[in-house]
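See structure below.
The values are calculated or read from the model by the stated rules, or taken from the named source; none is laboratory data. No experiment lies behind these values; they were computed from the predicted model shown. Don't worry about glycine lacking a Cβ; one is built from the backbone with ideal geometry, like all the others, and counts go over all protein chains shown. Heavy atoms of the whole protein, side chains included, go into the accessibility calculation; ligands, DNA and RNA do not. Shrake-Rupley method; radii C 1.70, N 1.55, O 1.52, S 1.80 Å.
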Amino acid sequence: MHSALLQRISTRPDGPLDITWLAAENPQLPLGRIRLRWEPASRSGWDVTTYLGLTTAEVLLGSWPAAPDDWPCLVRPTLYEVTGLCAALSFATDALDLSNRLAGV
């Protein structure tokens, strides 16, 4: 397997990425979830891609061709920012839904 679902990112800059391995055939990502995929690059390192689950699609979030062996350190800042953004959007959506329910909309 060369694909994983991102579960958690450590708050430490050098901290780990917690992942769950995914089978070769898996369903579309849930909203706000991130899939990591990596495979050996043609000359050296790793070709790393990340995908973000949206409501109706899964989109390419980033690509790092021929990344070095310590590629998790390279992609971590992007993953950290996107997970924070997704959490903020989820919170804002929940707050808007609650406001609409309370207003009787």
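For this structure, a couple of remarks:
- Residue selected from the range 2-30 under the condition touching a Gly at 6+ places or on another chain (Cβ under 8 Å) and either surrounded by 14 or more Cβ atoms within 10 Å (Cβ to Cβ) or among the charged types (D, E, K, R) (or both), by the criterion nearest to Gly84 (Cα to Cα): Ile9
- Number of residues in the range 37-92 that are more than 20 Å from Thr20 (Cβ to Cβ) and of a type in the set (Ser, Thr, Tyr): the value is 5.
- Residue within the range 39-62 that is of a type in the set (Asp, Glu) and part of a helix (DSSP H, G or I) present: no
- Within the range 63-88, the set of residues being under 17 Å from Pro30 (Cα atoms) and either in a loop (DSSP other than H, G, I, E, B) or of a type in the set (Ser, Thr, Tyr) (or both) comprises just one member, Thr83.
Each row is one residue, and each column tells you yes or no for (1) farther than 13 Å from Arg35 by Cα; (2) in contact with an Asp or Glu (Cβ under 7 Å, 6 or more places away or on another chain); (3) open to solvent by 50 Å² or more (accessible area, probe 1.4 Å).
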| residue | (1), (2), (3) |
| --- | --- |
| Tyr51 | no, yes, yes |
| Thr55 | yes, no, yes |
| Ser63 | no, no, yes |
| Pro68 | yes, no, yes |
| Leu74 | yes, no, yes |
| Val82 | no, no, no |
| Thr93 | yes, no, yes |
| Asp97 | yes, no, yes |
